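Structure first, commentary second.
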Amino acid sequence: ALISVRIYFGEGGNSSLYFCLEQHTHQFCFFPDTQIPVLGQVFPDYLGKVVKHSEHTIDSVTFHWYPLESDHCPAKSIDPWIATTRKSIEYSTASSIDSAVHKSMESVKKYDTQAKLWLGEGALACCGGQENVTNAFASTIWYVDLLGRMAAKGVNGVVRQVLSGGRYGIIDDANLYPNPDFWAAVLWKNIVGKTALHTSTGLFEKSISAYTHCSAQTAGDIVIAAVNRGHDPYDISIKGAPEHSRALLWELTAPEGDLSSRQVLLNGKLLSVSPGGALPHFSPSVVNLPFTMSPHSIAFLSVSVNATACYGSNI
């Protein structure tokens, strides 16, 4: 693949870049960081001019998002925004991105109805992340919610900051060992399909978030990605599922419930790579429904329901 950089020269000497990934006969072009929603709409009018004068269709428009800060930021004295394990799992932290997505989508629809919206860069805390928070299990609770939340809102891609680097890398720089978010990313990729389905959780409950997708493994099956931010267990049932239904379960927890832990348990067993660097086999447990989630946990539940939307090539 070839990455090319196009430059649009605007009025008054202003210029902007957009990037195209060229592979064989297909070009995928995206316009980076059209706005920083925290500061307001920075580039929306500029986006319109780029789209108007571009020889290429803009396939994707991106924005960046970090809900919290680290104590490495210049404005670290703003204590309410410094990342802690407690703030990481709060509903307000997870949902703070909602208005940014809404504003970004409005800008995209205004100037280019064909372009898709991506979260082009994001992590739990900016300025390199916060030690024992963004590289710990607390971040994983936020991260899984982010993946489900973005898919449910129609965001087509999430680019995580960062694979390796700082204190928010999903791989530890020092030893190349996976941090907790790595395990969640691998599980999501292998279990959760591309098609997001409408999910209704009944009564509004800030301690629980649940997102439903088609299964990436079995046609007709669904996968529920659920996050329990609370201190108490929580029962999950599926309306319409046959009586005495069973599900495949991948539940992620931290050892002894420690949100600052950099270790992760899958169904109670410690996840680790082999001495040669090979990943383990992510074996699910079989559970009866309703299923009781552990406090401060993440659960992926795969259920056979013969969902019509989950047959075909796009699951």
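Out of everything in the stretch 233-271 that is over 22 Å from the mean Cα position of the chain (by Cα) and polar (S, T, N, Q), what residue ends up being nearest to Ile170 (Cα to Cα)?
Checked the stretch 233-271; the qualifying residue nearest to Ile170 (Cα to Cα) is Ser237.
Can you give me the number of residues within the stretch 149-177 that are aromatic (Phe, Trp, Tyr) and open to solvent by 30 Å² or more (accessible area, probe 1.4 Å)?
1
Identify all residues within the stretch 170-190 that are touching a residue at least 24 places away in the same chain (Cβ under 8 Å) and under 14 Å from the mean Cα position of the chain (by Cα); write none if there are none.
Within the stretch 170-190, Pro180, Asp181, Trp183, Ala184, Ala185, Val186, Leu187, Trp188, Lys189 meet the criteria.
Would you pick out the residues in the stretch 92-132 that are assigned to a loop (DSSP other than H, G, I, E, B) and touching a Phe, Trp or Tyr at 6+ places or on another chain (Cβ under 6 Å)?
The answer is Ile97, Ala123, Leu124, Cys126, Gly129.
Anything in the stretch 256-315 that is open to solvent by 70 Å² or more (accessible area, probe 1.4 Å), hydrophobic (A, V, I, L, M, F, W, C) and either within 17 Å of Pro233 (Cβ to Cβ) or in a loop (DSSP other than H, G, I, E, B) (or both)? List them, or say none.
Scanning the stretch 256-315 gives a single hit, Leu279.
Name the one entry in Glu106, Glu131, Glu121 that is acidic (Asp, Glu) and modelled with pLDDT of 95 or more.
Just one listed residue meets the conditions, Glu131.
Which of the residues spanning the stretch 175-217 are within 21 Å of Pro280 (Cα to Cα) and β-branched (Val, Ile, Thr)?
Correct list: Val186, Ile191, Val192.
Cβ contacts < 6 Å: first residue among the hydroxyl-bearing types (Ser, Thr, Tyr), restricted to the stretch 260-272; second residue open to solvent by 50 Å² or more (accessible area, probe 1.4 Å), any location; separation 6+ or different chain. Result?
Matching pairs, first to second residue: Ser260/Asn132.
If you scan the stretch 178-208, which residues turn out to be β-branched (Val, Ile, Thr) and open to solvent by less than 40 Å² (accessible area, probe 1.4 Å)?
Those that are β-branched (Val, Ile, Thr) and open to solvent by less than 40 Å² (accessible area, probe 1.4 Å): Val186, Ile191, Val192, Thr195, Ile208.
Can you tell which of Tyr143, Tyr211 is over 18 Å from Ala254 (Cα atoms), open to solvent by 10 Å² or more (accessible area, probe 1.4 Å), among the hydroxyl-bearing types (Ser, Thr, Tyr) and at pLDDT 95 or above?
Tyr211
Among the residues of the stretch 244-253, is there at least one that is closer than 17 Å to Thr201 by Cβ and surrounded by fewer than 15 Cβ atoms within 10 Å (Cβ to Cβ)?
no
Looking at the structure I just gave you, is Phe137 touching a Leu at 6+ places or on another chain (Cβ under 6 Å) and either surrounded by fewer than 17 Cβ atoms within 10 Å (Cβ to Cβ) or over 25 Å from Ser99 (Cα atoms) (or both)?
yes
Are there strands (runs of 3 or more DSSP E) fully within the stretch 133-247 with at least 2 residues that are among the small types (Gly, Ala, Ser)? List them.
192-197, 208-215, 221-228
For the stretch 142-158, indicate whether the set of residues that are on the phi < 0 side of the Ramachandran plot, touching a residue at least 12 places away in the same chain (Cβ under 8 Å), hydrophobic (A, V, I, L, M, F, W, C) and in contact with a His (Cβ under 9 Å, 6 or more places away or on another chain) is non-empty.
yes
Of all residues in the stretch 72-91, which are modelled with pLDDT under 95 and part of a helix (DSSP H, G or I)?
Scanning the stretch 72-91 gives Asp79, Pro80, Trp81.
The values are calculated or read from the model by the stated rules, or taken from the named source; none is laboratory data. Nothing here was measured: the structure is a model prediction, and the numbers come from that model. Every residue, glycine as well, gets a Cβ built from its backbone with ideal geometry; the counts of neighbours run over all protein chains shown. Note: accessible area is taken over every heavy atom of the protein model, side chains too, but ligands, DNA and RNA are not part of it. Shrake-Rupley method; radii C 1.70, N 1.55, O 1.52, S 1.80 Å.
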